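Contents: one structure, followed by commentary.
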Amino acid sequence: MTAINEKDYLISSTEYGRSFWNAMRTGRYAQDSLQDGVDAATGGFALPTVSGEKLAEAIQCESVLRSFATVVKAYGGSSRIFARDCSDLAAWVPENGSIPVYDGIGDFTRYPVDSHKLAVFVKLDEDFVHDASFDIESYLTDRLGKNFAKAEDAAFINGTGTDMPTGILSDTAGAEIGVTTSAITFDDMLRLYFSLDKEYRRNAVWLMNDEAALSLRLLKDSAGYPLWNHTNDTILGKPVIICNDMPSVQEGAKPVVFGDFRYYWIVERGPVSVQTLKEKFIMQGQLGYLAAEFLDAKLIRREAVRALMMNGTEQNG
């Protein structure tokens with residue numbers, strides 16, 4: 001079996017890249033030329049390193065959550081990650097004074113990590129694929145990137161943790177409830193802001209969908225001053241991020257969250273693999289491409305993100 005780091009080296013070769021894209025064009029390949037990139041879990045072949053980087057850029061460009069979450073590569077078989085989860089100690093020390101030292105036993109917390117499979121399927125007409133002027137690499141990585149990013153964001157927000165990542169809105173492992181209200185008011189947003197510890201407010205952002213954003217753009221205090229700063233799209237000095245996978249303002253929903261999303265970790269478990277599906281679509285003159293990635297994601301500090309909860313009975317926490 002090829003070791004992970006050895007496989008990374010092999011799929012970075014020019015020869016492997018040439019063979020891979022020839023296979024994508026024709027649906028045929030010489031087994032010995034691509035065997036170094038075989039993905040045993042999918043039956044496909046790992047994207048060449050350069051193409052994988054292009055796909056990663058495409059996903060990053062399209063994804064909302066990846067732009068401010070922490071992305072970790074954890075290739076291989078490990079089922080746990082270590083996250084630093086303590087408060088460091090700094091103190092002024094007088095001349096000849098004792099230096100404070102703590103045992104550091106709680107410095108790192110271990111979190112279980114799964115390997116959830118996300119599959120994307122696309123089809124292309126053979127006329128395009130066989131056209132020498134058609135840049136199949138750029139087209140396919142861009143299209144896969146958009147589809148991966150869309151599915152990822154939906155799971156990063158609403159994922160159940162079963163066969164998919166655990167989303168930020170998970171009741172048991174997602175953001176803690178900062179405010180519960182029956183109708184969002186100016187004061188509710190203030191309370192949500194201050195419900196987050198100052199340690200996390202420094203790098204915090206607001207997350208909501210377009211509908212919630214519109215209602216907050218119209219919100220004013222008792223003196224008529226708007227909550228939303230229309231000059232730079234901030235609320236109380238913190239940026240607003242729009243993600244339409246967030247729920248709308250309705251009973252039982254969490255339409256607004258506020259926090260430091262660097263504590264939401266996206267853990268990539270291996271390179272993306274692709275396989276061609278030629279025979280299935282040959283009568284339509286098409287080639288199919290089935291791509292798969294393996295990843296997990298979870299909020300490693302629930303207190304780093306606070307949610308506003310809609311409820312028929314107002315209860316501010």
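The values are calculated or read from the model by the stated rules, or taken from the named source; none is laboratory data. Worth saying up front: this structure is predicted, and the values here are computed from it rather than measured. We place every Cβ from the backbone using ideal geometry, glycine too, and count neighbours over all the protein chains shown. All accessible areas refer to the heavy atoms of the entire protein, side chains included, with ligands and DNA or RNA removed. Shrake-Rupley method; radii C 1.70, N 1.55, O 1.52, S 1.80 Å.
The residues of segment 170-184 that are open to solvent by 10 Å² or more (accessible area, probe 1.4 Å) and touching a helix residue (DSSP H, G or I) at 6+ places or on another chain (Cβ under 6 Å) amount to a single one, Glu176. The residue list Ile81, Ile59 contains one member that is modelled with pLDDT under 70 and within 20 Å of the chain's Cα centre (by Cα), which is Ile81.
The set of residues in segment 1-43 that are among the polar types (S, T, N, Q), touching a Lys or Arg at 6+ places or on another chain (Cβ under 9 Å) and at pLDDT 85 or above comprises Asn22, Thr42. Taken over segment 215-237, residues that are out of contact with any helix residue (DSSP H, G or I) (no Cβ under 6 Å at 6 or more places or on another chain) and within 22 Å of Gln250 (Cα to Cα) amount to 6. When you check Asp188 against the structure, is it farther than 23 Å from Arg269 by Cα and either of a type outside the set (Val, Ile, Thr) or within 16 Å of the chain's Cα centre (by Cα) (or both), yes or no? For Asp188, the condition - farther than 23 Å from Arg269 by Cα and either of a type outside the set (Val, Ile, Thr) or within 16 Å of the chain's Cα centre (by Cα) (or both) - is met.
Of the numbered criteria (1) surrounded by fewer than 16 Cβ atoms within 10 Å (Cβ to Cβ); (2) small (Gly, Ala, Ser); (3) in contact (Cβ under 8 Å) with a residue 40 or more places away in the chain, the one Ser222 fails is (3).
For segment 50-65, filtered to residues that are surrounded by 17 or more Cβ atoms within 10 Å (Cβ to Cβ) and β-branched (Val, Ile, Thr), the residue that is nearest to Gly76 (Cα to Cα) is Ile59. For segment 242-267, the candidate set comprises residues that are assigned to a strand (DSSP E or B) and in contact with a helix residue (DSSP H, G or I) (Cβ under 8 Å, 6 or more places away or on another chain); within that set, the residue that is surrounded by the fewest Cβ atoms within 10 Å (Cβ to Cβ) is Ile242. Restricting the first member to segment 179-195 and to residues that are within 17 Å of Leu218 (Cβ to Cβ), and the second to residues that are hydroxyl-bearing (Ser, Thr, Tyr), the beta-carbon pairs closer than 7 Å and six or more apart or on different chains are Ile184/Ser215; Asp188/Thr181. The single residue among Thr276, Thr234 that is closer than 23 Å to Glu211 by Cβ and of a type in the set (S, T, N, Q) turns out to be Thr234. If I filter segment 303-311 for residues that are part of a loop (DSSP other than H, G, I, E, B) and buried (at least 16 other Cβ atoms within 10 Å of the Cβ), do I get at least one hit? The answer is no, given that none of the residues of segment 303-311 is part of a loop (DSSP other than H, G, I, E, B) and buried (at least 16 other Cβ atoms within 10 Å of the Cβ).
What are the residues in segment 35-49 that are surrounded by 19 or more Cβ atoms within 10 Å (Cβ to Cβ) and not in a loop (DSSP other than H, G, I, E, B), if any? Selection gives Gly37, Phe45, Ala46. Would you say Glu279 is open to solvent by 50 Å² or more (accessible area, probe 1.4 Å), charged (D, E, K, R) and over 30 Å from Leu47 (Cβ atoms)? So Glu279 fails the test. Within segment 113-145, being modelled with pLDDT under 95, surrounded by fewer than 18 Cβ atoms within 10 Å (Cβ to Cβ) and touching an Asp or Glu at 6+ places or on another chain (Cβ under 8 Å) holds for one residue alone: Ser115. Being modelled with pLDDT of 95 or more, surrounded by 15 or more Cβ atoms within 10 Å (Cβ to Cβ), under 18 Å from Gly252 (Cα atoms) and in contact with a Pro (Cβ under 6 Å, 6 or more places away or on another chain) holds for only one residue in Ala155, Ala212, and it is Ala212. The single residue among Phe194, Phe148 that is among the aromatic types (Phe, Trp, Tyr), assigned to a helix (DSSP H, G or I) and either open to solvent by less than 10 Å² (accessible area, probe 1.4 Å) or within 29 Å of Phe281 (Cα to Cα) (or both) turns out to be Phe148.
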